[in-house]
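Visitor: Structure provided below as structure tokens; questions to follow.
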Amino acid sequence: MSPTVITYLVYIALSVALTIWVARTLKRNGAIFLVDAFHGEEKVAAATNQLLVVGFYLINLGFVSLMLRVGEPVTTAQQGIEALASKLGAVALLLGAFHLANVLVLSRVRRHRTVPALPQAAADPSEHERPSGIPVYGNPYARP
């Protein structure tokens, strides 16, 4: 087996293992965060968590596949290690970037969550009547 093929196989094995480990860690530790972000709605949080994990796998494994090819044939152990280091570094950066993006988006969701709407009393019909007189510029219903 050529050194290039060995480099490919090691790259694939390490990248897939790293992706699986990160996905499992994020799923396990993100579950509590998602339940809080979705107001205790555990089913919604679990479904969202699963969708995030599936998307995470698809994007990262697609990236791993696209990054498989090395620019030059690997003929020495040094070239193999250098190729693996740069490719695994790119995978680690992508995993970190997606993790950071997910945390930022979910933090915004959590911060901007709304309080459940309270029932409103029937509106007073006199509030919707058109006022008499000259309308104020920009708002014809404003009272002068």
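Visitor: At ILE20 and THR76, where each label point lies 7 Å from the Cα along Cα→Cβ, what is the point-to-point distance in nanometres?
Guide: In this crude spin-label approximation the distance works out to 3.4 nm.
Visitor: In µm²/s, what is D for the stretch 1-46 at 4 °C and 1.567 mPa s, where D = kT/(6 pi eta Rh) by Stokes-Einstein and Rh is the Kirkwood radius from Cα pairs?
Guide: Working: Rh = 12.7 Å.
Answer, rounded: 102 µm²/s.
Visitor: Right, next: Over its Cα atoms, what ratio of radius of gyration to 2.2 N^0.38 Å does the stretch 3-111 give? Working shown, then result.
Guide: Values: Rg = 17.0 Å, N = 109, 2.2 N^0.38 = 13.1 Å.
The stretch 3-111 yields a ratio of 1.30.
Where a number appears in this text, it was derived from the coordinates with a stated rule and is not lab data. Just so it is clear, the structure is predicted and the values come from calculations on it, not from any experiment. No Cβ is skipped: glycine too gets one built from the backbone with ideal geometry, and neighbour counts run over all protein chains shown.
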